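Every number here is computed from the coordinates shown, using simple stated rules; none is lab data. Only a predicted model underlies this, so the values are computations on that prediction, with no experimental measurement involved. Positions of Cβ are backbone-derived with ideal geometry, glycine not excepted, and every protein chain shown enters the neighbour counts.
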Amino acid sequence: MGSCFLIFIGATILSYLYVNITGLYNGDFGGVSTELSRLDLAVVLLLTLLPYVVLFFFYVFFKSISLGNERKVIITTSRRVTYLFCLILIWYLFVTFYFGVGLMGQGDVGVPAFISPFIKIINRINPFYLGVLFILVHEGSKKVLFFIVIALAVLGLSRAGIGVFLYIIMAFFVRLNFSPTSYVKKYPIRFILLIFIFPSFIGTIYDIRNELRDEILVSSLSIFELVFIKLIGRFSSFPNLAMIIQENIYFINNLPNLSENYFMLHGFAAVAGVSVIPDVIPERLLINIFGGDLFDKSYMVGFFGNLYISYLKSPIICVYNLFFLFLCILITYVYSIKLRFKYSVEYATLLLIYPMTSGSSLEFSTLALSVFLFYCVFRGINIILSQMKRRYVLE
């Protein structure tokens, strides 16, 4: 689990060092000059790292307790689980390629009316959360696992996102109990080869994503720019939080346009759909900080970025929002543990790392809802199988 934390903590520290050395931000604000003092940047660094410390304590706490003696919900050796997951994944691929569902900037315009409600229900579940679950519980054929990983990667790229690769990597880190130091000592040649191959692989992935998003390709970037400005900035909210502090007046001036319930409504979209999200949210304010009216795209504001903006609106609202976040965290852990498989606590922690980075209430609530639904589905499967077995015995 430490390797997963290391990715984000390392990216945050490297972002901090990059800004201090160059005087420029990386990530979403690559090339923008910092106006913050070294002390301010150090405070931003601590605030960016603090959510990971909090999450680590959650991990240690839930790892040390047990929530009762319920029967195991997921039967890891059951082919039914594999078949079910494959069918769901094929469904996601079908609606993405055929109807454009899940593509950035597109709704369900081409979806027939009779199937639209079903798609809206299924889309409440993030397929990549389910993919991570499958990687962690699968004990069958490695060929099946390989197929699932490839299918997840295709689905992620088709939706113009690269986050799926991070989920896959972290899932295997947990499954294989990966340790960077042990790997370097055991396979030094492989490690050196990976260092040379990695930038080219990342550049290719970014170019595919940017073409799908109609954005500028990264082929012209140097290896240094690709790694430190694009990649490391992608895994850290440090430059985003620093920009919020730097442009504090901009957010204060926009407070009247910000609904008091913006955070809750943004989170409630996991259940009710994106139509309930207010037009003005911090993520959209941040992407348009230098002018413009981008609506379908946004920048993460970070865990403390969202709390800071809500505090500017009202300290009471900030407390409510913080309570909402911790409620989502608790739901994620409780129902992940109720799934009762070997990596249940690691599963919850792994998936919570990115919401703790972005601070998005929608990501927190989507994760909590997804894990709860996974529990309900697998619990239901076990009940049905148990009843079928009982009837067979009676007959």
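Just a few scattered comments:
- Span-rule helices in the chain, defined as complete DSSP H runs reaching 30 Å or more along the axis (Cα) with Kyte mean at least -0.5: 38-63, 188-212, 315-338, 361-394
- Each peptide in 247-254, 89-96, 263-270 receives the mean, over its residues, of other Cβ atoms within 10 Å, and ordering these scores from highest gives 263-270, 89-96, 247-254.
- Cβ-derived FRET efficiency at R0 22 Å, Y320 paired with V54, nearest 0.05: 0.75
- Rel. contact order, % - alpha carbon contacts under 8 angstrom, at least six apart, the range 265-357: 17 percent
- Reach of K342 by Cα under 18 Å, taken over lysines that are not fewer than 8 positions away in the same chain: K63, K72
- Cα Rg, Dmax, the chain, angstrom units: 21.6, 78
- Ranked by the mean number of other Cβ atoms within 10 Å per residue, highest first, peptides 9-18, 146-155 order as 9-18, 146-155.
- Relative contact order of the range 2-394, taken over Cα pairs closer than 8 Å and 6 or more residues apart, is 26 percent.
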